[in-house]
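This report refers to the structure that appears directly beneath it.
The values are calculated or read from the model by the stated rules, or taken from the named source; none is laboratory data. The structure displayed is predicted, hence computed values, not measured ones. In this analysis, Cβ positions are derived from the backbone assuming ideal geometry, glycine residues included, and neighbour counts consider all displayed protein chains. Note: accessible area is taken over every heavy atom of the protein model, side chains too, but ligands, DNA and RNA are not part of it. Shrake-Rupley method; radii C 1.70, N 1.55, O 1.52, S 1.80 Å.
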Amino acid sequence: MNSLSLHSLVPEHVRRFEPYTPSRPDPVLMRMYGVEHLHRLNNNENALGPPEAARLAIDAFHSERAAIYPSGDCFLLREALAERFGKLPEQFLVGNGSCEVITSVIKAFCGPGDNIVTADKTFAVYEWVAEFSGFEARLTPLRDYAFDPEAMLAAMDARTKIAFVCNPNNPTGAYWSEATLCAFMDAVDNRCIVVVDEAYLEYVDKPDFPDGMRLMERYPNLVVFRTFSKMYGLAALRIGYLCASQDLVDMVRRTHIVYSVNTQAQAAAAAAIADDAGHIAATRRMVSEARTILEGCFTRLGLEFVSGEGNYIMARAPLSDTLLYRKLMKRGIMVRTMTGFRFPNWIRVSLVQRPVMEEFCQVLEDVLGS
């Protein structure tokens, strides 16, 4: 019998790709670091949890329904999204988190020899999915912590199929104004698909911030990503979606896995957007207060920081980010190290309730002073 040769069976672009290793479950981490509590400030989760209506929808799920397949195309949720945003249900595609939606878009438009264009210091999944699918990811540097539209245009060629823009950018919080986005779309001139990832849109309250869904009639090549993981506190249920023209969505739907979004997630998401004004307002108040606390803390400690939009803030550590991570973990504080985002020796901190922010500031001061 021949021996199994993975080298000959696995494509080169898969062999050279390094797998992502998630953090271990909280109880395991708490045992590892000898702590009795763990404040999760690493994943930009909404510490207020989901809206009340979504909580009720989750609680109303009966175990008997676990034996029944979910709606394969999220029919009722797409109707709810259409009603909320003034679109057609056929303009929405829902996935098991935004990562699945990213994958479907890349599969729909990229073929051998094609490339995508995005930034080098942003949400890495655009790059990862392209690379492990065998497509080139062209990365452009940020300018003043924001995507650089001129650099992205210069990186495009006839084989560029998709440009990914994270707006506001994770992890810097910088954003393109509506004027900047429209100028970029005009310059692209329908040569490729432009994806605007608005995962943190609900956290932004700036008059010049663009609402991608309002621009679709003007730009038929525009795709907007949104998620229920951030503002709506449904990260554990893994549910994200895209909105685009009906013709464009029809193409992406051909590559999309059906039945991937569970029943409970669909019901919670539909409930979350039905009456979310109070939840969004309360979350914005929490984030604003937390931002003020952390900006003051970093200033007192003499740390460089980047504070934009979204529910997070970045700071440059005076030591290795991985070492600082371990020191903070020993005190029950979990932050995100930023070397993987190509910001070596920076940390990103989620913005949550005042008591936790104050505890973080005290622990950080103790750790840096020891």
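Annotations for the structure displayed:
- Over 26 Å (Cα to Cα) - which of Lys161/Lys206; Lys121/Lys330; Lys107/Lys206; Lys87/Lys206 fall in this group: Lys161/Lys206; Lys121/Lys330; Lys107/Lys206
- The range 190-255 and the range 44-63 have Cα centres spaced 23 Å apart.
- Gain on full extension, evaluated as 0.36 nm per residue between Arg31 and Leu48 minus their Cα-Cα distance, stands at 3.6 nm.
- Across the chain, the mean sequence separation of Cα contacts (distance under 8 Å, 6 or more residues apart), normalised by length, yields a relative contact order of 23 percent.
- Distance distribution P(r), the range 61-108, all Cα-Cα pairs, bin width 10 angstrom from 0: 23, 40, 32, 6 percent.
- Here the calculated FRET efficiency for Ala82 and Arg326, from their Cβ-Cβ distance with R0 = 51 Å, stands at 0.60, rounded to the nearest 0.05.
- Counting protein heavy atoms only, the chain has 53 percent of its accessible area on carbon and sulfur, 1.4 angstrom probe.
- Pairwise label distance in nanometres, Thr299 with Val14, each label 7 Å out on the Cα-Cβ vector: 5.3
- Cα coordinate range in the range 220-265, projected on the principal axes (Å, largest first): 31, 23, 11
- Straightening the chain between Asp208 and Glu359 buys 50.9 nm, computed as 0.36 nm per residue apart minus the Cα-Cα spacing.
- Pairs of Cα atoms in the chain fall into 20 Å distance bins, from 0 up to the last occupied one, in shares of 27, 58, 15, 0 percent.
- What separates the Cα centres of the range 129-162 and the range 285-322 is a distance of 28 Å.
- Dipole magnitude of the range 74-145 about its Cα centre (Cβ charges: Lys, Arg +1; Asp, Glu -1), debye to nearest 20: 140
- Under a model in which nothing but the beta-carbon of Lys, Arg (+1) and Asp, Glu (-1) is charged, the chain shows a dipole of about 920 debye around its Cα centre.
- Between Arg159 and Arg284, the modelled labels are 4.5 nm apart [label points 7 Å from Cα along Cα→Cβ].
- When the helices of the chain are scored as -39500 (n - 2.57) per DSSP H run of n ≥ 4 and the total is divided over every residue, the value at 222 nm lands at -11500 deg cm²/dmol.
- For the range 203-318, accessible area per residue (1.4 Å probe, heavy atoms of protein chains only), Å²: 41
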